[in-house]
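The values are calculated or read from the model by the stated rules, or taken from the named source; none is laboratory data. Only a predicted model underlies this, so the values are computations on that prediction, with no experimental measurement involved. Note that each Cβ is placed from the backbone with ideal geometry, even for glycine, and that neighbours are counted across all protein chains shown.
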Number of protein chains: 2
Amino acid sequence: MNNFEFYCPTRIVFGKGTIAKLPELIDKSKKILITYGGGSIKKNGVYEQVKNALEGYDVLEFGGIEPNPKYETLMKAVDIVKSEGIDFLLAVGGGSVLDGTKFIAAASKYYGEKDAYDYFMIEQNPVTDALPLADVITLPATGSEMNNGAVISRISTDEKLAFQWEPLYPQFSIIDPQVTFSLPVKQTVNGIVDTFVHVMEQYCTYDVNSPLQDDWALGILRTLIKEAPKVIANPDDYGARANVFWCATCGLNYWISLGVPQDWATHMIGHELTAFYGIDHGQSLAIIEPRLLRNQKVSKSKKLAKLAREVFGVNEPVDLKAADIAVDKIETFFNSLGMKTRLSDYDINAEEAAQKIRGRFAKRGTALGEKGAIDAEAAYDIVKAS
Amino acid sequence: MNNFEFYCPTRIVFGKGTIAKLPELIDKSKKILITYGGGSIKKNGVYEQVKNALEGYDVLEFGGIEPNPKYETLMKAVDIVKSEGIDFLLAVGGGSVLDGTKFIAAASKYYGEKDAYDYFMIEQNPVTDALPLADVITLPATGSEMNNGAVISRISTDEKLAFQWEPLYPQFSIIDPQVTFSLPVKQTVNGIVDTFVHVMEQYCTYDVNSPLQDDWALGILRTLIKEAPKVIANPDDYGARANVFWCATCGLNYWISLGVPQDWATHMIGHELTAFYGIDHGQSLAIIEPRLLRNQKVSKSKKLAKLAREVFGVNEPVDLKAADIAVDKIETFFNSLGMKTRLSDYDINAEEAAQKIRGRFAKRGTALGEKGAIDAEAAYDIVKAS
């Protein structure tokens, strides 16, 4: 395996009734800004649990962080942090709320003249200081609760870019799988696909003699494939919800990617689809992933064949054939959850989308994937075939 | 799965040439005490690498920490820390050196009147403060490099007890698998057995619907079984050494035990064998584990059968029969590495050992294992059968 460095100081508090532990986790002296999204936490009881747990704390609120959190929205929270002297951010919601809160944490400590999106997201200047942040995570999907990354969009330029720095690790993340009982099916499925593709981005590259990392990556896929149908069939199945949530967290807490090459091309192309057409992140991945794997089948054949055999039990000795079967089975798995996997399912013209993305990648000189093999032309082919 | 909390702030720096990174990891202002064992680091080049990396630092040394580190020895280091104003401990060696250094870190901040062994190990008073510590770990075995536990012996009373507290996490651990090329075969094998049994202690209990944790535990066993023969056959095989080391770290960094019941009876009985007869820790585990699994076969049958099928590829539908095969295969695996698994192989009288351990457990009211089923009588049976 390759050399690696790993550091994750986030405390995970996992299980039933864990929101009540907030007072053990945040110092009483803190002035807290609770950040949240469209208000679902006020319907499913999470908001009430958080407020009850934080009785006696000095708390302000900032709602309205969108899916694919927007720079324009987040800067309003930064203004509140600065004017009100907030010294602790508590994100209550899904990965978008948490990602947005990571950006707020960084931008609240930034006093430069450039706008914070240009400074952090375009120029990728390091975040050396950030406001302490933590979360009550309500959606198993992004893994943001145990990593130091975030993806932030800007409306004015149709951009969606990622950043990743140590000060952005949450101090703690509370994961109570019960809060996912009331999730709409669509969000549950989006999260499962997101998790699945996170694992693929880290596993499905080329072999560097990392058998434990590979086995663990496939272990997440095996678990997801078994547990996902249970949460669709019975949304109140605590055990299955807990397993799906833990898969999501482990899908992007870096444990499976230590010392191995990574891909992330599906995400990068998917982000463009979301930026241009506003489709959900999970949907964009489900559309692109099968086509990207097919496009890169030769270079990924060893890993895809291993996946076919060790996850789907395929008995095919020829790697390229087994790889083909793996891609089919992945798309079938997505479809089995009710996830549609074609651009036409979302009324998006493939030719137009392919051209738009080719144009942007060509301008940026993009070369994606573990070997930099996915340039503007390859991206065109992948999107066109979708 | 059960509720759990997880926190591990240790930075892992893994790979070739990583000892040279020490100056990036320790502040120049620190006064460092390097702790080490019997001096093998002076023969294999590790000491020299560390000293070179720390050129310009204020460094003292404390050597002579034994396998199964002794309270009596460690307190001499505590005297040095206190008299010399040491403010950073750097353990350079295996798990015993690191465990011992964790005790030094705790005892150096303890100013009470009781002796530190009684206070921390017998009474299990919490460690609320400890000197910062880190390590260059040279032996894949204990996993101490990524956990907050330590096992400390006291000569005067033949005791060997464990403690585990958050301030005992290393700040960082440097893992360069190259340093294991020169390990004696015996130590390599001890470490592999130790890792294997760590995984068993966390996996082989009863089912709590934790499929990911179970899959990952078995993933470590699968990897070990493939990689261990390679390091025995070719001690300089970097890839295999790296995989074995990462298995050892992941065998006890708690990732596979989150939300699941744990056993640890093999370790507790093994510790007594080491305390009474001075045999290696790995040897004690190899002797006890097969007998303990056989003794507890009925209650562990589901997990043992799963292991038989998913690690050893056994095609036996009846759980109890598959469990028996699993135990045989585990002992065969240990033997295949050259590890002897019977008390008689070490000239220890089974009846005498069984009586001694029964006596001590009876006095302490011991009830070990995930269900507390291993009392003094069961321990007698297990040791007698060994």
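Figures for the structure shown
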read-out: Pick from region B:1-27, criterion within 7 Å of another protein chain (Cβ to nearest Cβ) and of a type in the set (Lys, Arg), ranking: nearest to B:GLN262 (Cα to Cα); value: B:ARG11
read-out: Of the criteria (1) under 19 Å from A:GLN178 (Cβ atoms); (2) surrounded by fewer than 19 Cβ atoms within 10 Å (Cβ to Cβ), which one A:GLY93 fails; value: (2)
read-out: Residue satisfying condition, being within 19 Å of B:VAL13 (Cβ to Cβ) and either charged (D, E, K, R) or not assigned by TED's automatic domain parsing to the domain that holds B:LEU22 (or both), within set B:LYS160, B:LYS109, B:LYS102, B:LYS114; value: B:LYS102
read-out: Residues satisfying the stated conditions in region B:350-370, i.e. farther than 14 Å from B:GLU272 by Cα and either loosely packed, with under 14 Cβ neighbours inside 10 Å or touching a Leu at 6+ places or on another chain (Cβ under 7 Å) (or both); value: B:GLU351, B:GLY365
read-out: Enumeration of residues in region A:275-318 that are surrounded by fewer than 19 Cβ atoms within 10 Å (Cβ to Cβ) and of a type in the set (Asp, Glu); value: A:GLU310, A:GLU316
read-out: Matching residues, region A:1-15, being in contact (Cβ under 8 Å) with a residue 40 or more places away in the chain and not aliphatic (A, V, I, L, M); value: A:ASN2, A:ASN3, A:PHE4, A:PHE6, A:TYR7, A:CYS8, A:PRO9, A:THR10, A:ARG11, A:PHE14, A:GLY15
read-out: Residue within region B:102-113 that is acidic (Asp, Glu), farther than 30 Å from B:LEU183 by Cα and surrounded by fewer than 17 Cβ atoms within 10 Å (Cβ to Cβ) present; value: yes
read-out: Strands (runs of 3 or more DSSP E) contained entirely in region A:135-231, each with at least 3 residues that are small (Gly, Ala, Ser), crowded, with 23+ Cβ neighbours inside 10 Å and at pLDDT below 95; value: none
read-out: Qualifying residue in region B:175-190 (condition: touching a residue at least 24 places away in the same chain (Cβ under 8 Å), within 14 Å of another protein chain (Cβ to nearest Cβ) and within 29 Å of B:MET121 (Cα to Cα)); value: yes
read-out: Residue satisfying all of: in region B:115-134; in a loop (DSSP other than H, G, I, E, B) and of a type in the set (D, E, K, R); surrounded by the most Cβ atoms within 10 Å (Cβ to Cβ) among these; value: B:ASP115
read-out: Region A:242-258 - residue that is polar (S, T, N, Q) and more than 9 Å from chain B (Cβ to nearest Cβ) and, of those, farthest from the chain's Cα centre (by Cα); value: A:SER257
read-out: Matching residues, region A:22-56, being in contact with a Ser or Thr (Cβ under 7 Å, 6 or more places away or on another chain) and crowded, with 21+ Cβ neighbours inside 10 Å; value: A:THR35, A:GLY37, A:ILE41, A:VAL46
read-out: Qualifying residue in region A:170-182 (condition: closer than 24 Å to A:ARG294 by Cα and in contact with a Pro (Cβ under 8 Å, 6 or more places away or on another chain)); value: no
read-out: Pick from region B:60-88, criterion within 19 Å of B:GLU159 (Cα to Cα) and not charged (D, E, K, R), ranking: farthest from the chain's Cα centre (by Cα); value: B:MET75
read-out: Check on B:SER336, surrounded by fewer than 20 Cβ atoms within 10 Å (Cβ to Cβ) and in contact (Cβ under 8 Å) with a residue 24 or more places away in the chain; value: yes
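Matching residues to (1) more than 14 Å from every other protein chain (Cβ to nearest Cβ); (2) out of contact with any Ser or Thr (no Cβ under 6 Å at 6 or more places or on another chain); (3) farther than 30 Å from A:GLY15 by Cβ:
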| residue | (1), (2), (3) |
| --- | --- |
| B:VAL193 | yes, yes, yes |
| B:TYR206 | yes, yes, no |
| B:GLN213 | no, yes, no |
| B:LEU218 | no, yes, no |
| B:LYS226 | no, yes, yes |
| B:ALA240 | no, yes, yes |
